[in-house]
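Following: one structure in structure tokens, then a few remarks.
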Amino acid sequence: MKFATYKNEMRDGALMLVSKDLTRTVSAAPVAQTMQQLIDNWDALNASMQALYDQLNNGEIDSEDFDPQRCHSPLPRAYHWADGSAYVNHVELVRKARGAEIPESFWTDPLMYQGGSDDFIGPYDDVVVPEVSMGIDFEAEIAVVTGDVPMSVTADNAAKHIKLLMLVNDVSLRGLIPGELAKGFGFYQSKPASAFSPVAVTPDELGDSWCDSKLNLPLLTHYNNELFGKPNAGVDMTFNFAQLVAHAARTRNLGAGTIIGSGTVSNKQGTDYGSAIVQGGVGYSCIAEVRMIETIRDGKPSTSFMANGDTVRIEMLDDQQQSIFGAIEQRVRVLN
């Protein structure tokens, strides 16, 4: 099934079912009014929602054109949003750029932080930032939404708790990160509101592309209308989503509607550091990764972070080159 949340006068929006080809939509209110209501009661509501979804795709009920610009993030707010760093290649570049090696434990124990989940923004909303000097960056990622997950679940059993997948723009303010991490207490101001794709999909919609709790398709990022990255999300993913969910649940239960992110999708591309699109490579999913490579190669970065009016588009296509989740399309708006 494919779902979206249309903005309305209510904080949690209106849950919509979206056709497989993302062209038609119908209200899901006969079964569930919001995404959180659906996730809270997934087992009880799943069969009725599937029946409605089948009717939509078969043209058996009245529907309307799907408009992604009316969408909020599928979950406009969530009880829990934790972002991992499943692509250790990205972490390795961060460390190398400052002359440090990564600890061996990074290959066996995932990095993860808990982000702000009370105020997500929509996939077509502006990224509003107080000052351009804060080092504005996008991060193209994949995320899963879970049902209730018991504490200490094994990775083998965690996969069955994954209900939905989405794309993410995990906005980062790179200029604030070093100072915050130096305090030894993690991210806060450097991680403003994230945006998720217009559509969230159940794993069965992905066919063979969803395998071993990985999404094995390229993640496309266009920066100012030029292709910036197309790394395959299933390649160089050190920890799959089942492992990330199990890591998050090691010492706590996860409530229904928990969102777990993959971290920046990053491919080694058969080189020490990867290659840009213009060099014949698959490019990158954030500006910081380019700057790290420049620092390693040249001693300092030369690529600037985002400026007022810059745009980013994040999307994933299936094997028939059809959009799976719709696109995140955002513009930076600097207040000062």
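Would you please calculate the Kirkwood hydrodynamic radius of segment 49-161 over all C-alpha pairs and express it in Å, rounded to one decimal?
On the way: mean 1/r = 0.0539 Å⁻¹.
It works out to 18.6 Å.
If the label point is 7 Å along Cα→Cβ of LYS300, which residues in segment 72-109 have backbone nitrogen under 19 Å from it?
97-99
Going by the alpha-carbon gyration tensor, a ≥ b ≥ c the square roots of its eigenvalues, is segment 32-112 rounded (a/c under 1.5) or, if a/c is not under 1.5, prolate (a/b greater than b/c) versus oblate?
Details: a/c = 3.31, a/b = 2.59, b/c = 1.28.
Prolate, because a/c is 1.5 or more and a/b exceeds b/c.
Order the peptides 22-32, 46-56 from the highest to the lowest mean number of other Cβ atoms within 10 Å of their residues. Provide the component values of the computation, followed by the final result.
Numbers: 22-32: 18.1, 46-56: 16.0.
The peptides rank, most packed first, as 22-32, 46-56.
Can you pick out the pairs among LYS183/LYS214; LYS183/LYS268; LYS96/LYS160; LYS2/LYS214; LYS163/LYS183 whose Cα atoms lie more than 26 Å from each other? Show your work: numbers first, answer last.
Values: LYS183/LYS214 34 Å; LYS183/LYS268 31 Å; LYS96/LYS160 37 Å; LYS2/LYS214 18 Å; LYS163/LYS183 36 Å.
In this structure, LYS183/LYS214; LYS183/LYS268; LYS96/LYS160; LYS163/LYS183 lie more than 26 Å apart at Cα.
Largest first and in whole Å, give the semi-axes of segment 161-233's equivalent ellipsoid, each being the square root of 5 times a Cα gyration tensor eigenvalue. Numbers along the way, then the final one.
Values: eigenvalues 166, 59, 28 Å².
Output for segment 161-233: semi-axes of 29, 17, 12 Å.
Just order 102-110, 237-245, 216-224, 287-295 by mean Cβ neighbour count inside 10 Å, highest at the front, would you? Please report the intermediate quantities before stating the final value.
Numbers: 102-110: 12.4, 237-245: 23.7, 216-224: 19.6, 287-295: 21.7.
Per-residue Cβ counts within 10 Å, averaged per peptide and sorted highest first, yield 237-245, 287-295, 216-224, 102-110.
Find the Cα radius of gyration of segment 66-132, compare it with 2.2 N^0.38 Å by division, and give the number to two decimals. Intermediate results must be reported in sequence, preceding the final value.
On the way: Rg = 16.8 Å, N = 67, 2.2 N^0.38 = 10.9 Å.
Output field value: 1.54.
Build a GNM of the chain with springs between Cα atoms under 10 Å: which of THR271, THR303, THR311 gets the top mean-square fluctuation?
Comparing THR271, THR303, THR311 in the GNM, the peak value goes to THR271.
Cα extents of segment 125-172 along the three principal axes, largest first, in whole Å?
44, 20, 15
With a Cα-only, solvent-free Debye model of segment 239-336, what are the log10 I(q)/I(0) values at q = 0.18 Å⁻¹?
Summing over Cα pairs of segment 239-336 leads to -1.14.
More than 35 angstrom separation, counting every C-alpha pair in the chain; what % is that? Please list the in-between numbers first.
Details: 9921 of 56280 pairs.
Above the 35 Å cut-off, the chain has 18 percent of its Cα pairs.
Which of GLY299, GLY280, GLY122 moves the most in a Gaussian network model of the chain with Cα springs under 10 Å?
GLY280
The numbers here are math on the coordinates, done by the rules we state, and not lab data. All figures in this text were calculated on a predicted structure; none of them were measured in a lab. Don't worry about glycine lacking a Cβ; one is built from the backbone with ideal geometry, like all the others, and counts go over all protein chains shown.
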